[in-house]
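These notes are about the structure you will find just below.
Coordinate-derived values only; no laboratory data. Everything numeric here is computed off the predicted structure, so don't read it as measured data.
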Amino acid sequence: MALDFGAMGDLVKQAQEMQKRVGEMQAELASRTVTATSGGGMVTVVANGSQEIISIKMEKQIINPDDPEMLSDLVLAAVNEALKKSQEMVAAEMSKLTGGLKLPGLFG
């Protein structure tokens, strides 16, 4: 049984090209943002494609010193939604790149 090193070399080249394209996509996604709100728009959170929170904005009316838990809950809800949207954006873009294949190690 002979090994086809040419085919193996082609496979390695394809894997290297895919790795390069994934790296480029990750760099592009790091510059893209998603926005989420809570409390009827009183809290706004922006996240990027690297799942980093870029900004948190709160309307003055929502800041109540007598009820800090409500503000915490609204910020937490908006942050979680922004991160979820960011993850969905990354998954959708990577799916386009990989043709829908779930490749271990690409999303993380």
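When the inverse distances between all different Cα atoms of the chain are averaged and flipped, the Kirkwood radius reads 16.4 angstrom. Per residue of the chain, the DSSP helices (runs of n ≥ 4 H) give a summed -39500 (n - 2.57) that works out to -19500 deg cm²/dmol at 222 nm. Take a quick pass over the chain and tell me how many lysine pairs come in under 28 angstrom between Cα atoms, counting only ones 8 or more apart or on separate chains. Qualifying lysine pairs in the chain: 14. Length gained on full extension, MET8 to GLN26: 3.8 nm, using 0.36 nm per residue less the C-alpha separation. Bridge orientation summary for the chain: considering DSSP beta bridges with both residues in this region, about 100 percent are antiparallel.
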